[in-house]
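The values are calculated or read from the model by the stated rules, or taken from the named source; none is laboratory data. Keep in mind the model is a prediction, meaning the values are calculated, not measured. So basically every Cβ, Gly included, is an ideal-geometry build from the backbone, and we count neighbours across all protein chains shown. Calculation scope for accessible area: heavy atoms of the full protein, side chains included, ligands and nucleic acids excluded. Shrake-Rupley method; radii C 1.70, N 1.55, O 1.52, S 1.80 Å.
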Amino acid sequence: MIAQFIFIIVLAAAVYLFSKNVAKIRRNILLGRDVNRSDQPALRWKVMAKVALGQTKMTKRPVAAVMHFFIYVGFIIINLEVLEIMIDGIFGSHRIFSNPLGGLYGFLIGAFEVLAVLVLVACVVFLCRRNLIRLKRFSGTEMTQWPKSDANYILITEVLLMTAFLTMNAADYKLQLLHFEHYVKAGSFPVSSLLAPVLPNNASALVIVERVCWWFHIIGILCFLNYLPYSKHFHILLAFPNTYYSNLNPKGKLTNMASVTTEVKAMLDPSFVPETTGEPGRFGAKDVTDLTWKNLMEAYTCTECGRCTSVCPANITGKLLSPRKIMMDTRDRITEVGNNIDKHGKDYHDGKALLGDYISREEIWACTTCNACTEACPVNINPLEIITELRRYAVMEESQAPASLNNMFGNIENNGAPWKYSQADRFNWASEQ
Amino acid sequence: MENPKSEIKIPTMAEMAAEGKEPEILFWVGCAGSFDERARKITRDICKILHHVGISYAVLGTEEGCTGDPAKRAGNEFLFQMQAMMTIQLLDGYNIKKIVTGCPHCFNTIKNEYPGLGGNYEVIHHTQLIQQLINDGKLKAEGGESFKGKRITYHDPCYLGRGNNVYEAPRAALEFLDTELIEMKRCKSNGLCCGAGGAQMFKEPEPGKKDINMERVADVIEAKAQVVAAACPFCMTMLTDGIKHQDKQQEIQVLDIAEITVKANGL
């Protein structure tokens, strides 16, 4: 009875805290400008099914893809077991699904155990890749202490959770063999039965092991749930909406700025009467609130895997630019803006901005707009859009383009070509041999 | 010139309009194709192909101007839209419906970014045109240099490949010549940029360990290619510079798909 009470309190607190933090992230994302990403729902569902659910873009790196798939499937399917644990916790039952599911229950528990082992293996491999082999992809200027620790905390937590799950099953299995109290024969234990020999034979000790593991596992899961909003691991949730709201245009296409269209039309045709949108705004992005909500959602979706940076031609050749840093900076800045709102109210400005305080001009000007980063991202994040918006601000609001680019602009304006050649010579090629 | 083939008269839209004629397709030459020495040769080669197959085409000549692409990628949306609107006026004035470009950047801009500003055209890149002509049986691989068995690799321009998913047309044009088409380790959607996109062509690179074209040329050398085929005037410049810098001009040729097609057909 007391156990049920404690469980319900802990569960309610965990769910409350989690929803509060998720609501905060949602609020932060919606600080971004509006953009319509709701057209073509059928295609959007398809993209989400393929990219997020089917993980098709992970396959470019097969080892990581297989390992990640183990953890992904393990996570989703073992959640069925968590459902049972929740119900048992609330109603004080034990393995409530075993009766209604009958033989299927045994199969399911067996399958969960196999998955748990696969998750364990994958986590250990991932820990080795990060800490022993030290894959280049997991380092870089933006991979400071916190992002590195974050990754390790996630993997270690998953190892602990799976270990607790298997130990709990092993104790349960042993108690079932002893026909002890309510531990009736239920489930099959292909993996944990192998662990049984290392556990005590005494029934009351086994009950303690089983109960400790049960509580550790479920409280661990609830803590992990509340860790998500602070961690790169939030991608397990945001990957789905983020791919649903993917950019469906060809990658080469950049948005045309409607505010500029109005002004250009007015310039070319004096009789043109612009629609008053009543939205002054600024050209391009100086800070995160000038970006769209989709850019901000992408920042919270990024799991810092570094595939973007590892294929970025600028980064490969030693330039400062790293697409992953663009996303991490955007996320850190929008989180800071959100915290400022919570602390100091809606109209507070800390005098900082994404461009300058987080992302330097040297970074944005190193981009070749080649789209290698957007192609590489397993969850369709687009760092290029943010870079372009920052360039737009630097050029159109600050007139701070590199001098050579200003020359190029001047040439286009004066002679219709980015180089200093006369328009009249444009057709000379036809008379050459 | 004694060679009659070289006396090609390039028709302009203005002349055609004066005669009350409309060509089937506009050849959009682009700034590099008009001014860059190497790209001008490719421009003439594209015209040779158009002549050879007898398509009714024209160019804008001195009326053509920058599409605005480099300005847009560099963040100058004003300048881009000014150029775009003027170009759309010009194209619509000549009632142009179909365009072939010699440059993936012009291709991408006119195809993807002009419709939002009122310019709607069917746009293809010259490698797509070459593929179509081969498929229609209008272009053969005869009468010229044989590329049979030659180790050729193809460098995907970002704005043709990743930007617009055109991966097969240029390769089909090379395979048609019975070449030994080899792929670099980074190819198709994983292709490495030449380093010139996003207005980098017009500025010095930021400080780093090396230039991007050197990184790319290392891929070409590793693939042991005799020819690296390009389909973009900027890639052409970057690859040629990179190969020169590695002192490999004797072993590795950089040729546009149009140049290869012209050579293979002896045009």
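Here the scattering of the protein assembly as shown is modelled by Debye summation over its C-alpha atoms, one equal scatterer each and no solvent; at q = 0.08, 0.10 Å⁻¹ the log10 of I(q)/I(0) is -0.72, -0.99. Expressed as a whole percent, the accessible surface of the protein assembly as shown that belongs to carbon and sulfur atoms is 59, based on a 1.4 Å probe. The value of relative contact order for chain A, using C-alpha pairs under 8 Å at least six residues apart, is 19 percent.
Considering only A:CYS128, A:CYS377, A:CYS312, the Gaussian network model of chain A with Cα springs below 10 Å gives its largest mean-square fluctuation to A:CYS128. The Cα center of the stretch B:39-92 and the Cα center of the stretch B:191-267 differ in position by 22 Å. By the Cβ rule of 4.7 Å, chain B holds the following cysteines without a possible disulfide partner: B:CYS31, B:CYS47, B:CYS66, B:CYS187. Take every pair of alpha-carbon atoms less than 8 Å apart whose residues are at least six positions apart; their mean separation over the length of chain B yields a relative contact order of 20 percent. Helices that extend 27 Å or more along their long axis by alpha-carbon positions and average at least -1.0 on the Kyte-Doolittle scale are, among the DSSP H runs of chain A, A:2-29, A:62-91, A:103-131, A:145-177, A:203-227.
Taking the helices alone, chain A has a mean residue ellipticity at 222 nm of -19000 deg cm²/dmol, built from -39,500 (n - 2.57) per DSSP H run of at least 4 residues and averaged over all its residues.
For B:LEU133, the accessible area of its heavy atoms, probed at 1.4 Å with every protein chain present, is near 10 square angstrom. Label sites at A:SER259 and A:LYS352, each approximated as a point 7 angstrom past Cα along Cα to Cβ, lie 2.4 nm apart. Across B:ILE257, B:ILE182, B:ILE99, mean-square fluctuation computed from a Gaussian network of chain B (C-alpha pairs under 10 Å connected) peaks at B:ILE182.
Rounded to whole numbers, the Karplus 3J(HN,Hα) couplings from phi for the stretch A:133-142 are 6, 6, 3, 4, 4, 8, 10, x, 4, 7 Hz, using 6.51 cos²θ - 1.76 cosθ + 1.60 with θ = phi - 60°, and x at Gly and Pro.
Model label sites at A:SER149 and B:ASP247, defined 7 Å from Cα along the beta-carbon direction, differ in position by 5.2 nm.
Skipping prolines and chain starts, which residues have an amide H placed within reach, meaning under 5 Å, of the one on B:GLN253, given they are 5 or more residues away or on another chain? Answer set, sorted by chain and number: B:VAL227, B:VAL228. Once all protein chains are placed together, B:THR240 keeps about 40 Å² accessible to a 1.4 angstrom probe. Report summary: the helix-based calculation at 222 nm, which adds -39500 (n - 2.57) for every DSSP H run with n ≥ 4 and divides by the residues of chain B, gives -11500 deg cm²/dmol.
Largest GNM mean-square fluctuation across A:GLY110, A:GLY102, A:GLY140, computed for chain A with C-alpha springs under 10 Å, falls on A:GLY102. Annotation: B:GLU19 carries an accessible surface of approximately 120 Å², with a 1.4 Å probe and no ligand, DNA or RNA atoms counted. If I take every Cα pair under 8 Å that is 6 or more residues apart in the stretch B:141-265, average their sequence separation and divide by the length, what percent do I get for the relative contact order? Relative CO of the stretch B:141-265 lands at 35 percent. Taken one residue at a time, the phi angles of the stretch A:50-60 give Karplus couplings (6.51, -1.76, 1.60, θ = phi - 60°) of 6, 7, 8, 5, x, 6, 5, 7, 5, 5, 4 Hz. Gly and Pro are set to x.
The listed residues A:ARG324, A:ARG27 rank as A:ARG27, A:ARG324 when sorted by accessible area, largest first, using a 1.4 Å probe. Each residue of the stretch B:123-135 is assigned a 3J(HN,Hα), and the resulting list reads 10, 10, 8, 4, 5, 5, 4, 4, 4, 4, 5, 5, 4 Hz, derived from the Karplus form 6.51 cos²θ - 1.76 cosθ + 1.60 (θ = phi - 60°), x at Gly and Pro.
Quick check on my link table: of A:LYS325/B:LYS224; B:LYS111/B:LYS140; B:LYS21/B:LYS138, which ones sit more than 31 Å apart, alpha carbon to alpha carbon? As for pairs spanning more than 31 Å Cα to Cα, those are A:LYS325/B:LYS224.
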